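Enquirer: First the structure, which I've put down as structure tokens, then a few questions once you've had a look.
The values are calculated or read from the model by the stated rules, or taken from the named source; none is laboratory data. Everything numeric here is computed off the predicted structure, so don't read it as measured data. Quick reminder, even Gly has a Cβ in these numbers, built from the backbone with ideal geometry, and neighbours come from all protein chains shown. For accessibility, only protein heavy atoms count, side chains too; no ligands or nucleic acids. Shrake-Rupley method; radii C 1.70, N 1.55, O 1.52, S 1.80 Å.
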Amino acid sequence: MAAAYDREDGLALAPPPHAADAYDPNYVPDSVKTFVVHLYRHIRDKNVYEIHQMYEGGFQRLSDRLFRDAPWPSAEAVAPYCDGDHVFLLLYRELWYRHAHARLSPLTAAHRAESWTNYCDLFNVVLHGVVNMQLPNHWLWDMIDEFVYQFQSFCQYRAKLKSKTEDELQQLKQFDKAWNVYGVLNYLQALVEKSMITQILEREKEGLEQFTATDGYDYEGGSNVLKVLGYYSMIGLLRIHCLLGDYHTGLKCLAPIDLNQQGVYTIVIGSHISTIYHYGFANLMMRRYVDATREFNKILLYILKYKQYHQKSPQYDQILKKNEQMYALLAICLSLCPQNKLIDENVSTQLKEKYNDKMTKMQRYDDEAYAAYDELFSYACPKFITPSPPVLDQPLTNYNQDAYRLQLKLFLYEVKQQQLLSGIRSYLKLYSTITIGKLAQYMEVDEATLRSILMTYKHKMHAVDSDGKIVSSADFDFYIVEDVIHVVESKSTKSHGDYFLRQILKFEEMIGELEKVQFD
């Protein structure tokens, strides 16, 4: 696969322009030497626990203390402290560029291209070499997540041409092969195929594998790197296809992962949230409102219960942001297709506090309703990308918003088609039978138009699921005999068991508190 240039050509990592005067890429503080020595040793020893502590704790602490607004020392400078190990230096560079993307601005096209080259080298080693390592799932998820993020970031960067200097334009021409969409998709697909993760998950269903039970780790002395990267690559492919607006293909890529079961994707909270966010959004855009609502409800309830345990995580702000975005998407789902029986009481309370007014507006389908849909979609949707490189010989314009505008237009067109369905729904829920003529009078339309609206309701409240079956999203159904509409409302089953379990847990908590008081 083409890369920007070969890492072996000896080009040193150049610092971003604003840090050039203060930054010496060859200076390695003692604390960094110690960090590199210990991390290298733990990777060689496959000590996953210590690697995780250094990755999650040590790297973040050193970044905050020494490299808040400057790059880490270059890979060439730290090479003597890891025996010049090629694979370790690829991992170190992966951390270097991730830190640069998170902390430094502005990043040049050259930096972005260098990071692409390093990912190519790293994935080529994993795909075609012998990797005898065990790395924490958190690090492996972050690799895939960052790979997709940097691709998205580069597409946005090169689409903003209007303010580019001549030097920046020359760099775009020079590194025109970097972050090619086919290259990105091919690497992720290659990781999925080479890892044979689809077959592993199938065998696990038959009781022949222990992938999820061991959290993806290999306790027999092997490596977890390829298998877990392959697993997370399926989520990466879902995310990229959502960014491209190809929701069907995205969901197809995720199909081997059973979201109804605990999986390796739930171990890392960033992976868990990203999976459900993109899965739910793709289902929303494909009118599979029930699937989207069900998964949004589950993840929002999970975050509500456990977010306090992640307050010290560097990803905490991102968790809160995605949490708010998913509430907005849930508000859209429930406005288009009410499914209140699927919503937990605690999630429903939060949703009403945040979006009750907007959801009331969205039921009306007037200009204010469109504005509310526009606002929530714009806030909660992914940052869509145009993957094709720019034509630099034409007058320079910014086209970074084009993909977003197209998806917003398609979404609002779908909303427009459903503008009278809430009226139909509210009337039919009042009757078990009603004539077409009478309902047409209530709706203030003629009978031919009403029949068209009823057919639209049937169409819009049905979707094709992942198995190709047509399923209903409606909370009630109807059929017409001659000129009479017969309404069949689905009865919601009361979950008495859940109610009693909640009460038992409350009583246990009260008893525990009382025992503490008596003990004191």
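Enquirer: In the range 144-196, what count of residues is obtained for those that are crowded, with 18+ Cβ neighbours inside 10 Å, of a type in the set (D, E, K, R) and within 27 Å of the chain's Cα centre (by Cα)?
Expert: The number of residues fulfilling the criteria is 3.
Enquirer: If a residue has to be among the acidic types (Asp, Glu) and under 42 Å from the mean Cα position of the chain (by Cα) to count, how many in the range 424-469 make the cut?
Expert: 2
Enquirer: For Tyr457, state whether it is modelled with pLDDT of 75 or more, under 30 Å from Tyr379 (Cβ atoms), not in a loop (DSSP other than H, G, I, E, B) and not charged (D, E, K, R).
Expert: Answer is yes for this residue.
Enquirer: Among the numbered criteria (1) open to solvent by less than 10 Å² (accessible area, probe 1.4 Å); (2) more than 26 Å from Leu229 (Cβ to Cβ), which single criterion is violated by Gly280?
Expert: (2)
Enquirer: Further question: Which of the residues that make up the range 424-465 are open to solvent by less than 20 Å² (accessible area, probe 1.4 Å) and more than 14 Å from Ile485 (Cα to Cα)?
Expert: Listed by number, the residues that qualify are Lys460, Met461, Ala463.
Listed here are the residues, each with its yes/no results for (1) assigned by the TED database to the domain that holds Thr360; (2) closer than 22 Å to Tyr289 by Cβ.
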| position | (1), (2) |
| --- | --- |
| Pro389 | yes, no |
| Leu396 | yes, no |
| Asn400 | yes, no |
| Gly437 | no, no |
| Met443 | no, no |
| Ile453 | no, yes |
| Tyr457 | no, yes |
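Enquirer: Among Asn356, Asn346, which is the only one that is closer than 18 Å to Ser426 by Cβ and assigned to a helix (DSSP H, G or I)?
Expert: Asn356
Enquirer: If you don't mind, there's one more thing I want to ask. Return only the number of the condition from (1) out of contact with any Pro (no Cβ under 9 Å at 6 or more places or on another chain); (2) within 15 Å of Ser233 (Cβ to Cβ); (3) hydrophobic (A, V, I, L, M, F, W, C) that Phe151 does not satisfy.
Expert: All conditions are met except number (1).
Enquirer: Under 6 Å between Cβ atoms, at least 6 apart or on separate chains: pull out the pairs that start in the range 196-224 with a residue that is in the same structural domain as Ile267 (by the TED database) and end on any residue that is among the charged types (D, E, K, R) and outside any helix (DSSP H, G or I).
Expert: Here the result reads Ile200/Glu209; Arg203/Glu209; Asn224/Asp218, each pair linking the range 196-224 to a residue that is among the charged types (D, E, K, R) and outside any helix (DSSP H, G or I).
Enquirer: In the range 368-389, which residues are part of a loop (DSSP other than H, G, I, E, B) and open to solvent by 30 Å² or more (accessible area, probe 1.4 Å)?
Expert: Lys383, Thr386, Pro387, Ser388, Pro389
Enquirer: Answer yes or no as to whether Glu202 is acidic (Asp, Glu) and not in a loop (DSSP other than H, G, I, E, B).
Expert: Spelling it out, Glu202 is indeed acidic (Asp, Glu) and not in a loop (DSSP other than H, G, I, E, B).
Enquirer: Considering only the range 318-340, I want to know if a residue exists there that is in a helix (DSSP H, G or I), at pLDDT below 95 and farther than 25 Å from Lys383 by Cα.
Expert: Within the range 318-340, one or more residues are in a helix (DSSP H, G or I), at pLDDT below 95 and farther than 25 Å from Lys383 by Cα.
Enquirer: Leu420 versus (1) buried (at least 17 other Cβ atoms within 10 Å of the Cβ); (2) modelled with pLDDT of 75 or more; (3) of a type outside the set (Ser, Thr, Tyr): which is the lone unmet condition?
Expert: Condition not satisfied by Leu420: (2).
Enquirer: Name the single residue, out of those in the range 249-266 being farther than 15 Å from Lys298 by Cα and outside any helix (DSSP H, G or I), that is most open to solvent (accessible area, probe 1.4 Å).
Expert: Ranking the qualifying residues of the range 249-266, first place goes to Ala255.
Yes/no matrix, rows are residues, columns are (1) modelled with pLDDT of 75 or more; (2) under 22 Å from Gln339 (Cβ atoms); (3) of a type outside the set (Phe, Trp, Tyr); (4) part of a strand (DSSP E or B):
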{"residue": "Ser466", "(1), (2), (3), (4)": "no, yes, yes, no"}
{"residue": "Ile480", "(1), (2), (3), (4)": "yes, no, yes, yes"}
{"residue": "Val487", "(1), (2), (3), (4)": "yes, yes, yes, yes"}
{"residue": "Lys494", "(1), (2), (3), (4)": "no, yes, yes, no"}
{"residue": "Gly497", "(1), (2), (3), (4)": "no, yes, yes, no"}
{"residue": "Gln503", "(1), (2), (3), (4)": "no, no, yes, no"}
{"residue": "Leu514", "(1), (2), (3), (4)": "yes, no, yes, no"}
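Enquirer: To continue, here is another question. Going residue by residue through the range 246-258, is there one that turns out to be in contact with a Cys (Cβ under 8 Å, 6 or more places away or on another chain) and modelled with pLDDT of 90 or more?
Expert: yes
Enquirer: List pairs: first residue in the range 63-87 and farther than 19 Å from Leu122 by Cα, second residue in a helix (DSSP H, G or I) and modelled with pLDDT under 90 anywhere in the structure, Cβ distance under 8 angstrom, at least six positions apart or on different chains.
Expert: Ser63/Arg103; Phe67/Arg103; Arg68/Arg103; Asp69/Ala19; Asp69/Arg103; Ala70/Ala19; Pro71/Ala19
Enquirer: Determine whether Ala292 is open to solvent by less than 30 Å² (accessible area, probe 1.4 Å) and of a type outside the set (Val, Ile, Thr).
Expert: The answer is yes for Ala292.
Enquirer: Given (1) out of contact with any helix residue (DSSP H, G or I) (no Cβ under 7 Å at 6 or more places or on another chain); (2) polar (S, T, N, Q); (3) at pLDDT 95 or above, where does Ser233 come up short, assuming only one miss?
Expert: Among (1) out of contact with any helix residue (DSSP H, G or I) (no Cβ under 7 Å at 6 or more places or on another chain); (2) polar (S, T, N, Q); (3) at pLDDT 95 or above, the lone unmet condition for Ser233 is (1).
Enquirer: For the range 341-369, enumerate the residues that are at pLDDT 90 or above and of a type in the set (Ser, Thr, Tyr).
Expert: Within the range 341-369, Ser348, Thr349, Tyr355 qualify.
Enquirer: Follow-up. Being open to solvent by less than 30 Å² (accessible area, probe 1.4 Å) and in a strand (DSSP E or B): is that true of Ala403 here?
Expert: In short, no.
Enquirer: Kindly list, by first and then second residue, each pair from a residue in the range 16-40 that is more than 22 Å from His86 (Cα to Cα) and at pLDDT below 95 to a residue that is aromatic (Phe, Trp, Tyr) and open to solvent by less than 50 Å² (accessible area, probe 1.4 Å), limited to pairs with Cβ atoms under 9 Å and residues at least 6 apart or on different chains.
Expert: Listed by first residue and then by second, the contacts come to Pro16/Tyr23.
Enquirer: Scan the range 322-344 and give yes if some residue there is open to solvent by 40 Å² or more (accessible area, probe 1.4 Å), free of Cβ contacts under 8 Å to residues at least 24 places away in the same chain and among the charged types (D, E, K, R), otherwise no.
Expert: The answer is no, given that none of the residues of the range 322-344 is open to solvent by 40 Å² or more (accessible area, probe 1.4 Å), free of Cβ contacts under 8 Å to residues at least 24 places away in the same chain and among the charged types (D, E, K, R).
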